[in-house]
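The values are calculated or read from the model by the stated rules, or taken from the named source; none is laboratory data. Everything numeric in this text was worked out from a predicted model, so none of it was measured. As a convention, Cβ positions derive from the backbone with ideal geometry for all residues, glycine included, and neighbour counts pool all protein chains shown. Ligands, DNA and RNA are excluded from the accessible area calculation, which covers all protein heavy atoms including side chains. Shrake-Rupley method; radii C 1.70, N 1.55, O 1.52, S 1.80 Å.
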Amino acid sequence: MRAGQVNAVQAALEDHTGRLDWPREQIEHYRTARLRALLSHARERSLFHARRLRELDPSTATVADLASLPMMTKQDAQDEWDSIVTTRDLDRERAERILAEQQWFSYTPSDEQVFSSGGSSGVRGVYVWDWQFYVSAACLAWRIQTREERRAPVRSPSRLAVLAAGIPPHASTPLFDVPTAPGMETVVIPAGAPFDEIVAAVAAARPTHLVGYASVIGRLARAALAGDLQVRPVRVSTNSEPLLDEDRHAIDEAWSATIHNLWGSTEIGVQAVGCGHGEGLHVCEDEVVLERVDDSGTPVAADAPAARTLATGLANRTFPFIRYDLGDQVTLLPGTCPCGSAFVRVADIGGRRDDDFRYGTKTVPASTFRYVLGADPRVSEYQVRQTVDGAEIFAVGDPDVPRLSSAVAAALRRQGLSDPQVRIEVVDHLQRHQASGKLQRFIALR
Ligand SMILES: [Zn+2]
């Protein structure tokens, strides 16, 4: 099944890479037709969406008409699971049973896969990817790289190292473990393993291509700069976490590799991907509609600040997400990209809003810690937990603890905290989320 699906992705990549050259009118024409198909299907097959789409005629609907529909939250999606799913042979109970019993990434008799993610937001999510949705998401993840490889083929044989969860139930491994050039070999390296094991596995794989969590790739780049890892990847794809400036700079300095940053979610698949030529990330407008809205869900002008981003996934027919609140804010970039694609771009997705710590009436942005901790060359990785009157920091590396503690405390005082208490503990490795392998860098007090 897996081999068949990977071949389906490789076949569909022909179409998807071609779309990158589409002019605006073609993108918009295609998107409108896909939107109408999704709305018609969701209204007919999903009780949840039928209620919400009552007032809308799917056969004439446009992207602008989405504004008349209510937003869909993560809580809605999980609470109303059985009335959202459009296939009769799957409900939440069955999906949970598949997650509990499967030994590896399994397929239902109708060719769906069940994934789970979350933890960082406090709401665990269970998701269904049907065959076509997976093919779409994998093409979105890889089509820009495929175009670049065709323009300038890399040395052969090429080898892709995939740093992802490595085990079910997280979707990252099947999504990224896809050979995209003829003869490309792939190796999956679990990102939750002890770091020295990861370094050894990457060294042994001698990858020409690297894909994985932004924080892990950043740390590998720092290991390379320190002389602990001898590999020379030409292309690097980061995902699942915000790509911090310090990680981007390390990757650039270590390998001068082209960086493709990817913004995705288990709900929507892939929202946007960087091309490595222009700034920011190209929105996958042919498969995803993004709306930048204010707090009440009303779309805002392209140059106005938005409170949240709503996504409508055009490829997910089995579990439709329509005006789904992604919880990220994006800024549109003006102008055309040097790569020639007419797909609009958003600025790099920075730290998430959840990263902010609130102390009474004072809000301390995560960047306060980042600027101090990320700039310390003796800290290779860190995690910050908010405390009532300051922060507890776990640092991997060999920092000068008293000096670093007082630097963080000084930064917090500049944010308005009168007597911040900062405790730094040097550790061997950081605790990653058990199921997903993701690192939650900033943990706010609830
Ligand atoms: Zn571009």
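Residues in the range 45-66 that are under 25 Å from the mean Cα position of the chain (by Cα) and surrounded by fewer than 17 Cβ atoms within 10 Å (Cβ to Cβ): VAL63 alone. Scanning the range 183-208 for residues that are touching a Pro at 6+ places or on another chain (Cβ under 6 Å) and assigned to a strand (DSSP E or B) returns a single hit, THR186.
Residues in the range 58-105 that are under 18 Å from PRO168 (Cα atoms) and without any contact (Cβ under 8 Å) to a residue 24 or more places away in the chain: GLU93, ARG94, ARG97, ILE98, ALA100, GLU101, GLN103.
Of the residues making up the range 249-274, those that are over 14 Å from the mean Cα position of the chain (by Cα) and either buried (at least 24 other Cβ atoms within 10 Å of the Cβ) or acidic (Asp, Glu) (or both) are ILE251, ASP252, GLU253. Applying the condition of being open to solvent by less than 40 Å² (accessible area, probe 1.4 Å) and over 22 Å from the mean Cα position of the chain (by Cα) to the range 209-226 and asking which residue is farthest from SER156 (Cα to Cα) yields ALA223.
Among the criteria (1) surrounded by fewer than 20 Cβ atoms within 10 Å (Cβ to Cβ); (2) at pLDDT 90 or above; (3) under 21 Å from ASP228 (Cβ atoms), the one PRO399 does not fulfil is (1). Taken over the range 175-227, residues that are within 18 Å of SER256 (Cβ to Cβ) and among the polar types (S, T, N, Q) amount to 1. For the condition of a type outside the set (Lys, Arg), open to solvent by 20 Å² or more (accessible area, probe 1.4 Å) and in contact with a helix residue (DSSP H, G or I) (Cβ under 7 Å, 6 or more places away or on another chain), SER106 qualifies. Is one or more of the residues making up the range 176-191 under 15 Å from the mean Cα position of the chain (by Cα), closer than 24 Å to GLN132 by Cβ, surrounded by fewer than 24 Cβ atoms within 10 Å (Cβ to Cβ) and hydroxyl-bearing (Ser, Thr, Tyr)? No, every residue in the range 176-191 fails to be under 15 Å from the mean Cα position of the chain (by Cα), closer than 24 Å to GLN132 by Cβ, surrounded by fewer than 24 Cβ atoms within 10 Å (Cβ to Cβ) and hydroxyl-bearing (Ser, Thr, Tyr).
Output the residue which, of all residues in the range 350-373 that are surrounded by 20 or more Cβ atoms within 10 Å (Cβ to Cβ) and closer than 13 Å to ILE443 by Cα, is modelled with the highest pLDDT. Restricting to residues being surrounded by 20 or more Cβ atoms within 10 Å (Cβ to Cβ) and closer than 13 Å to ILE443 by Cα, the top hit is PHE357. Restricting ARG323, ARG385, ARG345 to those that are modelled with pLDDT of 90 or more, touching a strand residue (DSSP E or B) at 6+ places or on another chain (Cβ under 6 Å) and at positive phi reduces the list to ARG323. Residue count for the range 161-183 satisfying the condition of being over 11 Å from GLY212 (Cα atoms) and either of a type in the set (Phe, Trp, Tyr) or touching a Lys or Arg at 6+ places or on another chain (Cβ under 7 Å) (or both): 0. Read through the list (1) open to solvent by 40 Å² or more (accessible area, probe 1.4 Å); (2) within 28 Å of PRO207 (Cβ to Cβ), then give the number of the only condition that ARG345 fails. Condition (1) is where ARG345 drops out.
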